[in-house]
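Remarks on the structure that follows.
A short reminder: the numbers here are calculations on the coordinates, not readings from a lab. Keep in mind the model is a prediction, meaning the values are calculated, not measured. Quick reminder, even Gly has a Cβ in these numbers, built from the backbone with ideal geometry, and neighbours come from all protein chains shown.
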Ligand code: G4P
């Protein structure tokens, strides 16, 4: 095998999906702890304080001299390299989340043992299903009273229409938690409630039928476990790697992120089961990861990571080839060559080592706005990776500028922030003030705060007369002109000059479509 093949087989690029409060942050910290990224993961968390934000992470990074980026966390464990991509934790679903999930090869779904599938879990799961992303399930918080285990698995099966296959099984729960039984290796991992951040496992070689099991967990718990395991082995399908990788079956692990329990099993499970970087579709052909030439795509842009410089970081997923620092690649959209001299890597242990990168890896590319979400960089061939769309926003508001002298700066702020892909800016052609669209309304609060803190501009958002936006196109120029003339007060341009129709209500939208049959209305816009 070549180095490239080796490197590919040793990589796992994944995300964690969950409903807020299920334990994603805690689990992330513990996974990093196993990767040696944080010595005392617990200390990172400011208890009782408000939910961690991106800047908290960056402050932590500075303080501890380690690389913990909210967006990408790379760590190593037992010879494998894991790239963990963060999906925003707030309840609002955003395009950012969707696109992050386009850059992973698998996902870990965290469920709260007492709550099971919650609304946000379901939404995120559906995004994964669109691409058949394989899902590993982690049932968290088994150190607390939870729901009946069979009941919980039944819910996963039913709600997600997914086969479930337990890999570990809890022995008791809450106050009675004794440990988990590893169904693959036939042994018990004992729970030690006082363990906290210690990551050593107490595994006992106690197969089901051995008296050692009774010694390890007590007679009553052992008897219950034997009964349950019989039901498990009879009632659930055998683990099937192909079915898992096709997105039809989920292996299930149980544990407590808070108590660092069951996390080692999960991590090993990701290593063993989750696929290495996969082939990706482009508009020309399928690109295999072990092709010699480097290619990849931008799935996220973050503006103002350093508020003193108006730089952006484009998050780039490598899809093929072996990347070396300083390499020249073609920016396919503009046709220009770019030398990637100062890419940022997110290696947990040592940034300096990362002079090269492989498929599945994520690099941050600092730039001044050339790189947009969905852009492909390719060493030789003009191809574009597919499946990273812009969605028509679901909520539209008009911008209110409190200080009219700052109109120009506001325009810049709106455009910069729109570049991150979470919001979109439309300029009505009748000259009225900008309309901003987002997928989830919470984004307006985020935007208002960021415009003030990062650009020192006071602005707000107020009701807009529009409810829907659609990109429009027509093969006949005259017909397009007729359409635009007839709908002057509904027309706007996006920041690339794309023509957008803003409808005041569903009736108006339907009417426009009926009256102008040759005009195409689309709810997504591919990035190229
Ligand atoms: P999130 O990122 O998915 O939103 O969840 P997060 O990790 O922040 O966890 C949400 C709450 O659940 C936190 O409590 C956290 O300590 C707790 N938690 C996470 N994993 C476990 C677990 O395995 N067992 C138990 N019992 N609790 C768990 P909090 O009170 O909101 O925050 P804090 O005051 O503890 O920091």
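Summary table
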{"quantity": "Residue 119/residue 450 FRET efficiency (R0 25 Å; Cβ-Cβ; nearest 0.05)", "calculated": "0.45"}
{"quantity": "Between 0 and 90°, nearest 10: helix 263-273 axis offset from the chain longest Cα axis", "calculated": "70 degrees"}
{"quantity": "Rounded to 5, percent antiparallel among DSSP beta bridges of the chain", "calculated": "75 percent"}
{"quantity": "Label zone at residue 283, where the point sits 7 Å out along the Cα-to-Cβ direction: the stretch 354-378 residues whose backbone N lies under 19 Å", "calculated": "370-378"}
{"quantity": "Value of relative contact order over the chain, rounded to a whole percent, pairs C-alpha under 8 Å and six or more apart", "calculated": "13 percent"}
{"quantity": "Pair residue 202, residue 415: separation of 7 Å Cα→Cβ label points (nm)", "calculated": "6.3 nm"}
{"quantity": "Cα-based convex hull, the stretch 90-231, per residue volume (Å³, whole number)", "calculated": "134 Å³"}
{"quantity": "The chain - mean residue ellipticity at 222 nm from DSSP helices (-39,500 (n - 2.57) per run, n ≥ 4, rounded to 500)", "calculated": "-8500 deg cm²/dmol"}
{"quantity": "Residue-span extension gain [residue 495 to residue 402] - 0.36 nm each, minus C-alpha spacing", "calculated": "31.2 nm"}
{"quantity": "Inter-site label distance for residue 506 and residue 486 at 7 Å from Cα along Cβ, in nm", "calculated": "2.2 nm"}
{"quantity": "With Cα atoms, 0 to 90° folded angle of helix 149-160 axis to the chain main axis", "calculated": "30 degrees"}
{"quantity": "The stretch 85-171: relative contact order as a whole-number percent, Cα under 8 Å and 6+ apart", "calculated": "29 percent"}
{"quantity": "Computed over the chain, Kirkwood Rh from alpha-carbon pairs, angstrom", "calculated": "24.9 Å"}
{"quantity": "Nearest-0.05 FRET efficiency for residue 293 and residue 355, computed from C-beta distance (R0 22 Å)", "calculated": "0.75"}
{"quantity": "Estimated FRET transfer efficiency (residue 3, residue 246; beta-carbon r; R0 30 Å; 0.05)", "calculated": "0.55"}
{"quantity": "The stretch 392-526: proportion of alpha-carbon pairs further apart than 26 angstrom, %", "calculated": "23 percent"}
{"quantity": "Rounded Å value of the spacing that divides the Cα centres of the stretch 373-410 and the stretch 452-528", "calculated": "15 Å"}
{"quantity": "Cβ crowding within 10 Å averaged over residues, with 21-31, 444-454 ranked highest first", "calculated": "21-31, 444-454"}
{"quantity": "Cα-based helix-to-principal-axis angle, 54-64 vs the chain, degrees rounded to 10", "calculated": "60 degrees"}
{"quantity": "Virtual paramagnetic centre 7 Å along Cα→Cβ of residue 224, amide N under 13 Å, in the stretch 95-133", "calculated": "none"}
{"quantity": "Where labels lie 7 Å past Cα in the beta-carbon direction, separation of residue 150 and residue 336 in nm", "calculated": "6.4 nm"}
{"quantity": "Cα gyration tensor shape for the stretch 177-286, rounded if a/c is under 1.5, else prolate or oblate", "calculated": "oblate"}
{"quantity": "Gap separating the Cα centres of the stretch 283-297 and the stretch 143-212, nearest whole Å", "calculated": "41 Å"}
{"quantity": "Segment residue 186-residue 429, extension gain: residue separation times 0.36 nm, minus the distance between their alpha carbons", "calculated": "80.7 nm"}
